[in-house]
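These notes concern the structure reproduced below.
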Amino acid sequence: MHQPLALDQVYIRFADGTIALNGLSLDFPNGSFTAIVGPSGCGKSTTLRALSGLLAPAAGIVTRPTRDQIGFVFQDPTLLAWKSAYDNIALPLKIAGKSRHEIDQRVGNALKLVGLSGRGDALPRELSGGMKMRVSLARALAIEPQILLLDEPFAALDELTRLRLDDDLLQICQQNKGTVVFVTHSISESAYLADRVIVLDGSGRLARIVDVPAPASRENFRETPAYHQAMHEIAAALGHNLAPALGAEKGSTS
């Protein structure tokens with residue numbers, strides 16, 4: 001049984017006095033895929049760091065598994081330039097004291113999951129932006145985490161690469177059956193990926209939770225009324241009206 005993941009009346013204040021999270025309470029059910037959206041500076045990334053244990057709250061309770069059960073994927077791949085893809089993925093496993101046999105097995109499985117089998121010897125400079133992000137994802141997956149936290153991992157990529165990685169991420173998460181929390185600025189991405197979308201307001205408070213009635217297979221989901229309705233609800237919670245854009249572009253607005 002996986003350890004629960006939750007925030008209970010969590011407050012986080014930065015050194016300059018800024019309140020990043022203001023009494024935030026959220027539960028993340030085992031096996032769920034939750035997206036977090038909101039305006040810049042609303043506390044999205046801070047929420048992930050609180051969940052991971054990288055930030056301690058000034059008040060409130062964070063319930064989570066131990067740190068070795070949490071995988072974190074940052075917006076930047078944060079790869080060591082002088083190490084191969086294999087060695088970048090293996091690093092946290094070596095730090096954890098895993099045997100060479102187990103490291104080989106886990107790294108190989110992770111490379112296969114992200115579609116990079118055969119590229120373990122490649123250095124970061126030899127990889128495209130999308131491939132670097134796949135290595136970063138593989139590094140998080142190699143520890144076989146209960147919880148996977150992703151902080152806008154595809155934001156810097158071109159649209160086609162981003163769409164492809166969204167699909168790959170869904171497939172990986174369905175195989176692993178872990179709990180996923182995904183931060184994004186994109187309304188369309190959140191509605192496509194998540195079972196539910198947490199909308200934060202500009203003051204670090206919960207504005208709304210939007211449930212997304214998406215099927216396990218997202219094939220053609222972007223063409224369905226349920227997808228467009230979810231985007232409308234997320235946008236409305238953010239104070240926007242997507243109706244004109246949806247009418248003109250058939251839901252391509254992010």
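The values are calculated or read from the model by the stated rules, or taken from the named source; none is laboratory data. Keep in mind the model is a prediction, meaning the values are calculated, not measured. Counting neighbours? That spans all protein chains shown, and the Cβs are built from the backbone with ideal geometry, glycine included. Ligands, DNA and RNA are stripped out before the accessible areas are found, and what is left, the full protein with its side chains, is counted by its heavy atoms. Shrake-Rupley method; radii C 1.70, N 1.55, O 1.52, S 1.80 Å.
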*Expressed in nm to one decimal, what extension gain is obtained for the pair Lys83 and Thr224 from 0.36 nm per residue of sequence separation less their Cα-Cα distance?*
46.4 nm
*Rounded to a whole number of µm²/s, how large is the Stokes-Einstein D of the chain at 20 °C and 1.002 mPa s, given Rh as the Kirkwood radius over C-alpha pairs?*
114 µm²/s
_Dipole magnitude of region 24-169, debye to nearest 20 (Cβ charges: Lys/Arg +1, Asp/Glu -1, about Cα centre)_ = 380 debye
*Given Phe154, Leu127, Ser188, which one lies farthest toward the positive end of the charge dipole of the chain, if we put +1 on the Cβ of every Lys and Arg and -1 on the Cβ of every Asp and Glu?*
Leu127
_Separation of alpha-carbon centers, region 73-132 and region 181-245, rounded to whole Å_ = 32 Å
*Over the chain, give the accessible area per residue in Å² for a 1.4 Å probe, as an integer.*
48 Å²
*What's the carbon and sulfur percent of the chain's accessible surface, probe 1.4 angstrom, rounded to a whole number?*
51 percent
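Among rounded, prolate and oblate, which fits region 50-139 when a ≥ b ≥ c are the square roots of the eigenvalues of its C-alpha gyration tensor, a/c under 1.5 means rounded, and a/b larger than b/c means prolate?
Here region 50-139 falls in the prolate category.
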*Determine the dipole magnitude for the chain: charges of +1 sit on the beta-carbon of Lys and Arg, -1 on that of Asp and Glu, nothing else is charged, the reference point is the Cα centre, and the result goes in debye to the nearest 20.*
580 debye
_I need the calculated FRET efficiency for the pair Asp27 and Phe74, taking r as the beta carbon distance and R₀ as 35 Å, to the nearest 0.05._
0.90
*About the Cα centre of region 112-252, what is the dipole size in debye to 20, counting +1 per Lys and Arg Cβ and -1 per Asp and Glu Cβ, all else neutral?*
260 debye
*With a length cut of 15 Å (Cα positions projected on each helix's long axis) and a Kyte-Doolittle mean of at least 0.5, go through the chain and give me the DSSP H helices that pass.*
85-95
